[in-house]
1. Hey, could you check region 231-262 for residues that are part of a helix (DSSP H, G or I) and among the hydrophobic types (A, V, I, L, M, F, W, C) and say which is nearest to residue 201 (Cα to Cα)?
2. Just to be sure, is residue 135 outside any loop (DSSP other than H, G, I, E, B), in contact with a Lys or Arg (Cβ under 7 Å, 6 or more places away or on another chain), under 29 Å from residue 185 (Cα atoms) and within 13 Å of the ligand (Cβ to nearest atom)?
3. Answer yes if at least one residue in region 146-153 is open to solvent by 30 Å² or more (accessible area, probe 1.4 Å), in a helix (DSSP H, G or I), within 15 Å of the ligand (Cβ to nearest atom) and closer than 24 Å to residue 11 by Cα, and no otherwise.
4. Here are the criteria: (1) open to solvent by less than 30 Å² (accessible area, probe 1.4 Å); (2) free of Cβ contacts under 8 Å to residues at least 24 places away in the same chain; (3) more than 10 Å from the ligand (Cβ to nearest atom). Tell me which single one residue 158 does not satisfy.
5. Could you please find all residues in region 73-91 being open to solvent by 60 Å² or more (accessible area, probe 1.4 Å) and not in a helix (DSSP H, G or I)?
6. Being out of contact with any helix residue (DSSP H, G or I) (no Cβ under 7 Å at 6 or more places or on another chain) and crowded, with 21+ Cβ neighbours inside 10 Å is the filter here; which residues of region 256-276 pass it?
7. Restricting to region 166-179, count the residues that are in a helix (DSSP H, G or I) and either among the acidic types (Asp, Glu) or buried (at least 19 other Cβ atoms within 10 Å of the Cβ) (or both).
8. Please return the ranges of strands (runs of 3 or more DSSP E) entirely within region 1-72 where 1 or more residues are within 16 Å of the ligand (Cβ to nearest atom) and over 16 Å from residue 88 (Cβ atoms).
Amino acid sequence: MSIDLSTISKLADLQSVRSKWRHNSQTIALVPTMGALHEGHLSLVKLARTVANKVIVSVFVNPKQFGQGEDLDQYPRDLSADLNKLKTIGVDLVYAPDASQIYPQGFSTNISVTGISEGLCGASRPHFFGGVATVVTKLLLHCTPDIALFGEKDYQQLLVIRRLVIDLDLPVDVMSGPIVRENDGLARSSRNIYLSKTDRQTAPLLHKGLLETRARLQKGAPMIKAAQQTIELLSRAGFQLDYFELCDANTLAPLKQYKGQPARLLIAATLGRTRLIDNIAVIG
Ligand code: PAF
(Lines give C-alpha, C1' and ligand atoms only; values in the text may rest on other atoms or scores of the structure.)
Protein backbone atom coordinates (compact mmCIF):
# COMPACT_ATOMS: atom_id res chain seq x y z
CA MET A 1 0.00 0.00 0.00
CA SER A 2 1.42 3.39 -0.92
CA ILE A 3 0.94 6.15 1.64
CA ASP A 4 0.82 9.71 0.38
CA LEU A 5 3.54 11.87 1.89
CA SER A 6 3.40 15.53 0.95
CA THR A 7 6.64 17.12 -0.14
CA ILE A 8 6.87 20.88 -0.22
CA SER A 9 9.61 22.89 -1.85
CA LYS A 10 8.28 26.46 -1.47
CA LEU A 11 8.21 28.46 1.74
CA ALA A 12 4.74 29.91 0.98
CA ASP A 13 3.25 26.39 0.72
CA LEU A 14 4.95 25.36 3.95
CA GLN A 15 3.59 28.45 5.69
CA SER A 16 0.03 27.63 4.71
CA VAL A 17 0.25 24.03 6.04
CA ARG A 18 1.93 25.30 9.19
CA SER A 19 -0.84 27.86 9.82
CA LYS A 20 -3.51 25.18 9.51
CA TRP A 21 -1.67 23.00 12.02
CA ARG A 22 -1.22 25.92 14.40
CA HIS A 23 -4.89 26.84 14.04
CA ASN A 24 -5.72 23.31 15.21
CA SER A 25 -3.27 23.60 18.16
CA GLN A 26 -0.95 20.95 16.73
CA THR A 27 2.63 20.89 18.02
CA ILE A 28 5.40 20.51 15.45
CA ALA A 29 8.75 18.68 15.56
CA LEU A 30 11.42 19.23 12.92
CA VAL A 31 14.18 16.80 11.96
CA PRO A 32 16.61 18.72 9.72
CA THR A 33 18.61 16.48 7.34
CA MET A 34 20.64 16.62 4.17
CA GLY A 35 18.87 13.49 2.87
CA ALA A 36 20.63 10.17 2.21
CA LEU A 37 18.62 8.98 5.17
CA HIS A 38 19.79 6.09 7.31
CA GLU A 39 18.74 4.47 10.58
CA GLY A 40 20.23 7.38 12.55
CA HIS A 41 17.84 9.85 10.89
CA LEU A 42 14.93 7.43 11.14
CA SER A 43 15.48 6.99 14.88
CA LEU A 44 15.25 10.80 15.27
CA VAL A 45 12.01 10.81 13.28
CA LYS A 46 10.60 8.06 15.51
CA LEU A 47 11.60 10.08 18.57
CA ALA A 48 10.01 13.20 17.03
CA ARG A 49 6.73 11.29 16.65
CA THR A 50 6.62 10.77 20.40
CA VAL A 51 7.09 14.45 21.31
CA ALA A 52 4.87 16.36 18.86
CA ASN A 53 1.63 15.96 16.90
CA LYS A 54 3.17 16.77 13.53
CA VAL A 55 6.60 15.84 12.21
CA ILE A 56 8.43 17.70 9.45
CA VAL A 57 11.64 16.28 7.96
CA SER A 58 13.65 18.79 5.97
CA VAL A 59 15.92 17.60 3.20
CA PHE A 60 18.42 20.16 1.95
CA VAL A 61 22.05 19.64 0.96
CA ASN A 62 23.42 22.89 2.26
CA PRO A 63 26.23 24.21 0.05
CA LYS A 64 27.35 26.67 2.73
CA GLN A 65 28.63 23.93 5.02
CA PHE A 66 30.93 22.39 2.42
CA GLY A 67 34.40 23.81 1.88
CA GLN A 68 36.37 23.91 -1.36
CA GLY A 69 37.43 20.43 -2.42
CA GLU A 70 34.86 18.76 -0.13
CA ASP A 71 32.17 16.38 -1.32
CA LEU A 72 29.27 18.78 -2.17
CA ASP A 73 28.96 17.47 -5.74
CA GLN A 74 29.24 13.82 -4.78
CA TYR A 75 27.01 14.07 -1.71
CA PRO A 76 24.35 11.34 -2.14
CA ARG A 77 20.99 12.77 -3.26
CA ASP A 78 17.99 10.49 -3.79
CA LEU A 79 14.79 12.16 -2.64
CA SER A 80 12.51 9.35 -3.78
CA ALA A 81 14.52 6.77 -1.81
CA ASP A 82 14.34 9.10 1.22
CA LEU A 83 10.57 9.48 0.82
CA ASN A 84 10.13 5.71 0.67
CA LYS A 85 11.97 5.34 3.97
CA LEU A 86 9.92 8.11 5.59
CA LYS A 87 6.57 6.80 4.35
CA THR A 88 6.86 3.75 6.56
CA ILE A 89 7.42 5.63 9.81
CA GLY A 90 4.80 8.34 9.93
CA VAL A 91 6.11 11.71 8.81
CA ASP A 92 3.55 14.43 8.08
CA LEU A 93 5.52 16.57 5.69
CA VAL A 94 8.86 16.64 3.91
CA TYR A 95 10.25 20.10 3.32
CA ALA A 96 12.76 19.88 0.48
CA PRO A 97 13.30 23.56 -0.29
CA ASP A 98 14.76 24.79 -3.55
CA ALA A 99 18.10 26.49 -2.93
CA SER A 100 16.37 29.79 -3.83
CA GLN A 101 14.07 29.44 -0.79
CA ILE A 102 17.03 29.21 1.56
CA TYR A 103 19.53 31.44 -0.22
CA PRO A 104 17.59 33.88 -2.42
CA GLN A 105 19.54 36.11 -4.74
CA GLY A 106 21.65 38.60 -2.82
CA PHE A 107 21.72 36.49 0.35
CA SER A 108 24.60 37.92 2.39
CA THR A 109 24.12 36.77 5.98
CA ASN A 110 26.31 34.33 7.80
CA ILE A 111 25.53 33.26 11.34
CA SER A 112 28.68 32.65 13.27
CA VAL A 113 28.67 30.97 16.66
CA THR A 114 32.07 31.62 18.20
CA GLY A 115 33.88 29.66 20.95
CA ILE A 116 32.32 26.23 20.92
CA SER A 117 32.55 25.99 17.12
CA GLU A 118 36.24 26.80 16.90
CA GLY A 119 38.07 23.62 18.00
CA LEU A 120 37.68 19.99 16.86
CA CYS A 121 35.81 19.93 13.48
CA GLY A 122 35.79 23.75 13.40
CA ALA A 123 39.60 23.82 13.31
CA SER A 124 39.90 21.67 10.20
CA ARG A 125 36.62 22.77 8.56
CA PRO A 126 36.44 26.51 9.41
CA HIS A 127 33.49 27.17 7.06
CA PHE A 128 31.40 24.31 8.45
CA PHE A 129 29.64 25.58 11.56
CA GLY A 130 28.84 28.99 10.04
CA GLY A 131 27.10 27.12 7.21
CA VAL A 132 25.26 24.87 9.64
CA ALA A 133 24.19 27.72 11.95
CA THR A 134 22.94 29.78 9.00
CA VAL A 135 20.89 27.01 7.41
CA VAL A 136 19.52 25.72 10.72
CA THR A 137 18.37 29.24 11.61
CA LYS A 138 16.57 29.51 8.28
CA LEU A 139 14.98 26.07 8.63
CA LEU A 140 13.79 26.91 12.15
CA LEU A 141 12.30 30.18 10.92
CA HIS A 142 10.64 28.45 7.98
CA CYS A 143 9.20 25.51 9.92
CA THR A 144 8.71 27.22 13.33
CA PRO A 145 8.83 23.88 15.17
CA ASP A 146 8.25 23.53 18.91
CA ILE A 147 11.03 20.96 19.01
CA ALA A 148 14.00 20.37 16.69
CA LEU A 149 15.92 17.11 16.85
CA PHE A 150 19.60 16.47 16.10
CA GLY A 151 21.78 13.38 16.39
CA GLU A 152 24.60 13.04 18.91
CA LYS A 153 26.86 11.65 16.19
CA ASP A 154 27.52 15.32 15.29
CA TYR A 155 28.07 16.19 18.92
CA GLN A 156 29.84 19.50 18.35
CA GLN A 157 27.13 20.51 15.86
CA LEU A 158 24.50 19.73 18.51
CA LEU A 159 26.20 22.02 21.04
CA VAL A 160 26.68 24.78 18.45
CA ILE A 161 22.95 24.64 17.66
CA ARG A 162 22.03 24.67 21.36
CA ARG A 163 24.21 27.81 21.76
CA LEU A 164 22.65 29.42 18.68
CA VAL A 165 19.12 28.81 19.94
CA ILE A 166 19.93 30.26 23.37
CA ASP A 167 21.80 33.28 21.98
CA LEU A 168 19.12 34.24 19.45
CA ASP A 169 16.19 33.43 21.79
CA LEU A 170 14.78 31.11 19.13
CA PRO A 171 11.51 29.72 20.49
CA VAL A 172 12.33 26.03 20.03
CA ASP A 173 13.47 23.18 22.26
CA VAL A 174 16.52 21.32 20.97
CA MET A 175 16.39 17.61 21.59
CA SER A 176 19.08 15.04 20.80
CA GLY A 177 18.97 11.37 19.87
CA PRO A 178 21.71 8.80 20.55
CA ILE A 179 24.16 7.59 17.90
CA VAL A 180 22.85 4.64 15.92
CA ARG A 181 25.56 2.10 15.10
CA GLU A 182 26.02 -0.81 12.73
CA ASN A 183 26.39 -4.22 14.44
CA ASP A 184 30.18 -3.86 14.29
CA GLY A 185 30.07 -0.48 16.05
CA LEU A 186 30.51 1.86 13.07
CA ALA A 187 28.38 4.98 13.60
CA ARG A 188 25.72 5.32 10.88
CA SER A 189 26.53 8.15 8.49
CA SER A 190 25.46 9.14 5.00
CA ARG A 191 29.16 9.23 4.11
CA ASN A 192 29.79 5.55 4.99
CA ILE A 193 28.84 4.68 1.40
CA TYR A 194 32.11 6.30 0.28
CA LEU A 195 34.12 3.62 2.11
CA SER A 196 35.78 0.97 -0.05
CA LYS A 197 35.08 -2.66 0.89
CA THR A 198 38.39 -2.91 2.76
CA ASP A 199 37.99 0.44 4.48
CA ARG A 200 34.48 -0.54 5.55
CA GLN A 201 36.01 -3.51 7.38
CA THR A 202 38.61 -1.26 9.04
CA ALA A 203 36.24 1.61 9.94
CA PRO A 204 34.77 0.05 13.17
CA LEU A 205 38.25 0.39 14.73
CA LEU A 206 37.37 4.01 15.36
CA HIS A 207 34.62 3.00 17.78
CA LYS A 208 36.78 0.23 19.27
CA GLY A 209 39.50 2.83 19.91
CA LEU A 210 37.01 5.09 21.66
CA LEU A 211 35.81 2.26 23.92
CA GLU A 212 39.34 1.16 24.83
CA THR A 213 40.48 4.72 25.52
CA ARG A 214 37.43 5.34 27.68
CA ALA A 215 38.20 2.23 29.73
CA ARG A 216 41.75 3.49 30.36
CA LEU A 217 40.47 6.97 31.28
CA GLN A 218 38.00 5.44 33.71
CA LYS A 219 40.89 3.64 35.41
CA GLY A 220 42.55 7.02 35.96
CA ALA A 221 45.01 7.26 33.03
CA PRO A 222 45.60 10.81 31.78
CA MET A 223 44.29 11.39 28.21
CA ILE A 224 47.76 11.56 26.72
CA LYS A 225 48.48 8.01 27.99
CA ALA A 226 44.97 6.64 27.52
CA ALA A 227 44.95 7.70 23.86
CA GLN A 228 48.42 6.46 22.92
CA GLN A 229 47.60 2.82 22.03
CA THR A 230 44.48 3.88 20.12
CA ILE A 231 46.41 6.43 18.08
CA GLU A 232 48.97 3.73 17.21
CA LEU A 233 46.26 1.18 16.39
CA LEU A 234 44.45 3.62 14.10
CA SER A 235 47.52 4.85 12.29
CA ARG A 236 48.72 1.24 11.68
CA ALA A 237 45.27 0.51 10.23
CA GLY A 238 45.59 3.43 7.76
CA PHE A 239 43.60 6.20 9.47
CA GLN A 240 44.86 9.80 9.20
CA LEU A 241 43.92 11.25 12.57
CA ASP A 242 42.45 14.77 12.57
CA TYR A 243 41.77 15.03 16.30
CA PHE A 244 41.24 12.79 19.31
CA GLU A 245 40.22 14.74 22.40
CA LEU A 246 38.66 14.36 25.81
CA CYS A 247 36.38 17.36 26.32
CA ASP A 248 33.98 18.83 28.83
CA ALA A 249 30.59 17.51 27.64
CA ASN A 250 28.93 20.94 27.80
CA THR A 251 31.62 23.41 26.75
CA LEU A 252 33.97 21.15 24.75
CA ALA A 253 36.90 22.61 26.67
CA PRO A 254 39.76 20.07 26.39
CA LEU A 255 40.40 17.96 29.50
CA LYS A 256 43.70 16.34 30.42
CA GLN A 257 42.16 13.68 32.62
CA TYR A 258 38.75 12.23 33.46
CA LYS A 259 37.83 13.05 37.05
CA GLY A 260 34.13 12.20 37.08
CA GLN A 261 33.00 15.44 35.40
CA PRO A 262 30.55 15.25 32.42
CA ALA A 263 32.97 14.42 29.61
CA ARG A 264 32.95 13.33 25.99
CA LEU A 265 35.62 11.60 23.95
CA LEU A 266 35.59 12.86 20.36
CA ILE A 267 37.51 11.67 17.33
CA ALA A 268 37.80 12.52 13.62
CA ALA A 269 39.95 10.68 11.12
CA THR A 270 40.17 10.09 7.40
CA LEU A 271 40.17 6.57 6.02
CA GLY A 272 40.83 6.37 2.28
CA ARG A 273 38.94 9.44 1.05
CA THR A 274 36.29 9.34 3.76
CA ARG A 275 36.33 11.59 6.82
CA LEU A 276 34.73 9.79 9.76
CA ILE A 277 33.72 11.30 13.09
CA ASP A 278 32.56 9.57 16.25
CA ASN A 279 32.22 10.23 19.97
CA ILE A 280 31.16 8.60 23.24
CA ALA A 281 30.16 9.84 26.66
CA VAL A 282 32.65 9.18 29.44
CA ILE A 283 30.88 8.38 32.66
CA GLY A 284 32.10 7.21 36.04
O1 PAF B 1 23.57 17.16 10.35
C2 PAF B 1 23.15 17.47 9.22
O3 PAF B 1 22.65 16.66 8.45
C4 PAF B 1 23.30 18.92 8.75
O5 PAF B 1 24.46 19.49 9.24
C6 PAF B 1 22.08 19.78 9.08
C7 PAF B 1 21.87 19.93 10.59
C8 PAF B 1 20.83 19.18 8.46
C9 PAF B 1 22.27 21.18 8.51
O10 PAF B 1 22.44 21.16 7.13
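1. So the first thing to find is which residues in region 231-262 are part of a helix (DSSP H, G or I), and the list is 231-236.
Filter once more, so that each one left must be among the hydrophobic types (A, V, I, L, M, F, W, C): 231, 233-234.
Numbers: 231: 18, 233: 14, 234: 13 Å.
Applying the filter and picking the extreme gives 234.
2. Working: outside any loop (DSSP other than H, G, I, E, B): yes; in contact with a Lys or Arg (Cβ under 7 Å, 6 or more places away or on another chain): yes; under 29 Å from residue 185 (Cα atoms): no; within 13 Å of the ligand (Cβ to nearest atom): yes.
No.
3. No - not one qualifying residue is present in region 146-153.
4. All conditions pass for residue 158, except number (3).
5. 73, 74, 77, 78, 88
6. 263
7. So the first thing to find is which residues in region 166-179 are in a helix (DSSP H, G or I), and the list is 166-167.
Those left that are additionally either among the acidic types (Asp, Glu) or buried (at least 19 other Cβ atoms within 10 Å of the Cβ) (or both): 167.
Of the residues in region 166-179, 1 are in a helix (DSSP H, G or I) and either among the acidic types (Asp, Glu) or buried (at least 19 other Cβ atoms within 10 Å of the Cβ) (or both).
8. Values: elements: 6-8, 28-33, 54-59.
Answer list for region 1-72: 28-33, 54-59.
The values are calculated or read from the model by the stated rules, or taken from the named source; none is laboratory data. These numbers were taken from a predicted model, which means no experiment stands behind them. Here the Cβ is made from the backbone with ideal geometry for all residues, glycine too, and neighbour counts use every protein chain on show. Areas reflect the complete protein model, heavy atoms only, side chains present, ligands, DNA and RNA absent. Shrake-Rupley method; radii C 1.70, N 1.55, O 1.52, S 1.80 Å.
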